[in-house]
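S.K.: Have a look at this one before I ask anything.
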Amino acid sequence: MFVRDGGTVLTGHTMTELVTDGDRVTGIVAQTADGPVTITARKGVILASGGYEGDQARRTARGVPGSADWTMAPVGTNKGEPVDAAAAVGAATALLDEGWYCPGLAQPDGWGTFTLGFRSGLMVDQTGKRYANENLPYDRFGREMAKAPERIPSWYLFDNSEGGQLPAIAIPQGDAAAHLAAGTWVQADTVEELAEKIGIPAIVETVDRFNGFAESGVDEDFGRGVDEFDTHFVYTDNGKNKALSPLANGPFFAAKFVLSDLGTKGGVVTDAASRALREDGSVIPGLYATSNATASVFGAYYPAPGAPLGSAMVFGSLAVRDLLA
Ligand SMILES: Cc1cc2nc3c(=O)[nH]c(=O)nc-3n(C[C@H](O)[C@H](O)[C@H](O)COP(=O)(O)OP(=O)(O)OC[C@H]3O[C@@H](n4cnc5c(N)ncnc54)[C@H](O)[C@@H]3O)c2cc1C
């Protein structure tokens, strides 16, 4: 999408190259249904094109965990041509293996949807073991998933406390009956039967141990409930530890989880005015970048809600101010 003189918005234009005059960026080349077009910029070019989360080849080459099939990026776009175009005119890039991660609820069509705020239940890997505090902020839990291949996919085990719905915020959850028909969710009357159906006998012992923690109020393995954040999304209180409810009310369910993301966050290195920099720290005149097209100001961290959009807007605004100065 591009904004032209007088505010015209051009859709259907996929930017693939930057045009230069000497060391200054003066425009772009975009692919359209009618072939390539060149658009000249009066003041400069601001890249706000997301990351390369939607392009599996770029993800793989840069070591980004997860999959283009599981990202929450807009479908069919955010493939990263603009970051490559910036690198081609000399822009430095960094944090290329980074993303904003989250557990992704596996969907019948193969997508993995952004999930946060677990209220009860527990996550196990393919050996039936828990591997982290499930109530961690989603990016941190996603990073735990990415640490070992047997964690993708994982299974989320929950009981019928919420009438057969996932006890979490999944965007979207999808229809429970469709999940059960597709096998992305499995249902059983007992935990033993669930173990048999998903082929992981060890979950029986894991659930027993977890229910013991719920009884004592202490998660001896991962400290779930110690940090106040762990209880932020939980409505019920068992009087001992709000973050720990036992799996007690059958039927029991297992929901398949993959590693999803809200986008990659490696890309063009910029200064405090959002100007693109070369490896030697010098400014590339006429070229700016913001949001997921840049090496995030937050590095490998997701410090608080609003970090992706907040940094996108702040650095977009700083770029425009510099352009107009
Ligand atoms: C469900 C969900 C909830 C979220 N909640 C929050 C939240 O609460 N707070 C928060 O801070 N963040 C949140 N995020 C993350 C946030 O939405 C993204 O980090 C942010 O939108 C990224 O902005 P961006 O400009 O980098 O990319 P995008 O918003 O993806 O925009 C990139 C645009 O560039 C276009 N484009 C890509 N390539 C090209 C090309 N070659 N040529 C032309 N155009 C191109 C794309 O079509 C798209 O329109 C959420 C994300 C999701 C999916």
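Bear in mind that the values in this text are calculations on the coordinates, not laboratory data. If you're wondering where the values come from, they're calculated on a predicted model, not measured in any experiment. Positions of Cβ are generated from backbone atoms using ideal geometry, with glycine treated the same way; all protein chains shown enter the neighbour counts.
S.K.: Taking region 115-204, which trypsin sites (Lys or Arg not before Pro) meet the DSSP loop condition and have no more than 14 other C-beta atoms within 10 Å?
M.R.: On the way: sites: ARG119, LYS129, ARG130, ARG140, ARG143, LYS147, ARG151, LYS197; in loops: ARG119, LYS129, ARG130, LYS147.
Hits after loop and neighbour filter: LYS147.
S.K.: Can you return the lysines within cross-link range of LYS197? Criterion is Cα-Cα under 24 Å, with same-chain partners fewer than 8 residues away left out.
M.R.: Those lysines meeting the cut-off are LYS129, LYS256.
S.K.: Across region 5-49, what fraction of all alpha-carbon pairs, as a whole percent, falls in each successive 10 Å bin from zero upward?
M.R.: P(r) for region 5-49, in whole percents per bin: 25, 58, 17, 0.
S.K.: Still on this model: At most 11 other Cβ atoms within 10 Å and a DSSP loop assignment: could you name the GluC sites (Glu not before Pro) in region 182-270 that fit?
M.R.: Values: sites: GLU192, GLU193, GLU196, GLU205, GLU215, GLU220, GLU228; in loops: GLU220.
Filter output for region 182-270: GLU220.
S.K.: Next up: How long are the semi-axes of the equivalent ellipsoid of the chain, defined as square roots of 5 times the Cα gyration tensor eigenvalues? Whole Å, largest first. Show your work: numbers first, answer last.
M.R.: Working: eigenvalues 402, 78, 50 Å².
Equivalent-ellipsoid dimensions as semi-axes: 45, 20, 16 Å.
S.K.: So how tilted is helix 307-324 from the main axis of the chain? Cα-based, degrees 0 to 90, rounded to 10.
M.R.: Tilt of helix 307-324: around 10 degrees.
S.K.: Here's another thing I want to ask about it. If you rank LYS256, LYS240, LYS265 by fewest surrounding Cβ atoms within 10 Å, what's the result? Write out the running numbers ahead of the final one.
M.R.: On the way: LYS256 20, LYS240 15, LYS265 30.
In increasing order of surrounding Cβ atoms, one gets LYS240, LYS256, LYS265.
S.K.: Which of TYR101, TYR131 has the fewest other C-beta atoms within 10 Å, and how do the rest follow up to the most?
M.R.: On the way: TYR101 25, TYR131 19.
Going from sparsest to densest Cβ surroundings: TYR131, TYR101.
S.K.: Same structure, new question: Suppose the chain between ASP221 and ARG278 were pulled fully straight at 0.36 nm per residue; how much longer would it get relative to their current alpha carbon spacing? Walk me through the intermediate numbers first.
M.R.: Values: separation 57, 0.36 × 57 = 20.52 nm, distance 4.62 nm.
Extending this stretch completely gives an extra 15.9 nm.
S.K.: Taking H as built 1.01 Å from N, whose amide H comes closer than 5 Å to the amide H of SER260, not counting residues under 5 places away?
M.R.: For SER260, whose amide H was placed from the backbone, the distant partners under 5 Å are CYS102, GLY104.
S.K.: If we count every other residue with Cβ under 12 angstrom of TRP70's Cβ, Lys/Arg +1 and Asp/Glu -1, where does the sum land?
M.R.: Details: positive: ARG59, LYS256; negative: GLU53, ASP69, ASP109, ASP261.
Residues near TRP70 contribute -2 overall.
S.K.: Hey, what angle do you get for helix 203-216 against the long axis of the chain, alpha-carbon based, 0 to 90 degrees rounded to 10?
M.R.: On a 0 to 90 degree scale, this one is about 80.
S.K.: Need the list of aspartates and glutamates near LYS242 for cross-linking: C-alpha distance under 19 angstrom, and skip anything on the same chain fewer than eight residues off.
M.R.: Straight-distance partners of LYS242: GLU134, ASP159, GLU162, ASP208, GLU215, ASP219, GLU220, ASP221, ASP227, GLU228, ASP230.
S.K.: Applying the Karplus parametrisation 6.51 cos²θ - 1.76 cosθ + 1.60 with θ = phi - 60° to the phi angles of region 53-63, what ³J(HN,Hα) value in whole Hz is obtained for each residue in order, glycine and proline being reported as x?
M.R.: In residue order, the calculated couplings are 4, x, 10, 5, 4, 5, 4, 5, 4, 9, x Hz.
S.K.: Then there is this: Which of the trypsin sites (Lys or Arg not before Pro) across region 1-80 are loop residues per DSSP, with 15 or fewer other Cβ within 10 Å? Working shown, then result.
M.R.: Values: sites: ARG4, ARG24, ARG42, LYS43, ARG58, ARG59, ARG62, LYS79; in loops: ARG4, ARG42, LYS43, LYS79.
Filter output for region 1-80: ARG4, ARG42, LYS43.
S.K.: Per DSSP helix of 4 or more residues, -39500 (n - 2.57); summed, then divided by the residues of the chain. What does that give at 222 nm, rounded to the nearest 500?
M.R.: Working: 7 runs with 70 residues, N = 325.
Roughly -6500 deg cm²/dmol at 222 nm, from the helical runs in the chain.
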